[in-house]
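Since the structure comes first, as structure tokens, the remarks are kept for the end.
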Amino acid sequence: MKLPIVLGTVALTAIAAVQAAAEPVTLRVQTHYATEHPTGQALARWIDDVQTMSNGDITIEMFYSSSVVASTETFDAAINGIIDCDATGGAYQTGKNPAFQFVGDIMGGYDTPWQQYSWLYYGGGYDAAQKLYNAQGMQLIGWSIYGQESLSSSKPITGFEDLKGWKFRSPPGMETEIFEKLGASPIVMDFTEIFTALETGIIDGADASGLANNVGLGLYDIVKHATYPGFHSMPSDHLACNQEVWEGLTETQRRIIDTAWQKLSFHIALYNEKANAEAAAKLQAEGVTLHAWSDEDRKEFRKAAQAAWEDWGTRSPEAAALLASHKAYLTDLGLISGN
């Protein structure tokens, strides 16, 4: 007669333990994307996935369009507990450590999002990057990569030689160094200034975003040339959380967030591949010329990018470690020489 009582007591204890472990939590997350942007919409689906799979134990309070702090300050806001997680990108944090360049945009490295995801999950990238994030009191959860960006221009950019003397909007950092050495004239300016600068002829072109996003910005109402498929830049956005907050979640809660983020990541890459193909067909029908660089010119750009990698790799021990990890995997993929 005692056995059922003992089992019943054990069962009740187990249920109580599960209920205690699944303490409801609210995570405050900031993104630089607007609610109407395709990535903003994907983030809304991620929130729904997390809340549904956790049966309401995890609530995500998302702050869109960098509504709490500036995009570049999101990482620090998570470190300092103003928010819990950062859904912007590691490239904003190169001022903290140059190594963040190698988790934000390696420039001229991988050809596809799938290769870059493969480095993260199967090439030792996750562990290498995690050391960098943990040193800042943050936990890297994962990436989202929308694919290669396209250069937009008022004149043809058919290959390597056409970069000489080309004035274009560039983000700061490694990209300006690479293109300067190739003879171009990169001008660092805010994203919001691109349209007016193209319209007034201050610049000949711009590195803004992927082809479909550039269409949304209205760039091809002004300029009629673009590189496609892209080759020079494939930035990765991240989800990174305050490490103490992350470790305070249960294993179940962490697994749900991670799994839902991987779904978001891959769907963003799939969506943009389709959107870019549709944009390419539409633009060509409207008289915009798309320039696909030859394998030879792509190799030349990658060589120039590698020189910049080596320089950035000397700027901190963490940068050197991440660069070594990337180079080993790029060599395995046959994208660079192992010599």
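The values are calculated or read from the model by the stated rules, or taken from the named source; none is laboratory data. Note that this is a predicted model, so its numbers are computed, not measured. Methodologically, a virtual Cβ is constructed for each residue, glycine included, from the backbone with ideal geometry; neighbour enumeration extends over all protein chains shown.
Restricting the range 277-319 to residues that are in a helix (DSSP H, G or I) and of a type in the set (S, T, N, Q) leaves a set whose member that is farthest from I178 (Cα to Cα) is Q284. Scanning the range 131-145 for residues that are closer than 22 Å to M107 by Cα, outside any strand (DSSP E or B) and either hydrophobic (A, V, I, L, M, F, W, C) or touching a strand residue (DSSP E or B) at 6+ places or on another chain (Cβ under 8 Å) (or both) yields a count of 2. Taking the listed residues E73, E149, the one that is without any contact (Cβ under 8 Å) to a residue 12 or more places away in the chain and under 21 Å from Y33 (Cα atoms) is E73, with no other qualifying. Annotation note: of G95, G109, the sole residue that is outside any helix (DSSP H, G or I), free of Cβ contacts under 8 Å to residues at least 12 places away in the same chain and among the small types (G, A, S) is G95.
Of all the listed residues (A135, A128, A99), the sole one being surrounded by fewer than 21 Cβ atoms within 10 Å (Cβ to Cβ) and either more than 23 Å from W46 (Cβ to Cβ) or touching a Ser or Thr at 6+ places or on another chain (Cβ under 8 Å) (or both) is A135. Listed by position, the strands (runs of 3 or more DSSP E) enclosed by the range 161-233 that each have at least 1 residues that are in contact (Cβ under 8 Å) with a residue 60 or more places away in the chain are 225-227.
Every condition in (1) outside the structural domain of E244 (by TED's automatic domain parsing); (2) touching a helix residue (DSSP H, G or I) at 6+ places or on another chain (Cβ under 9 Å) is met by D162 except one, and the failing one is (2).
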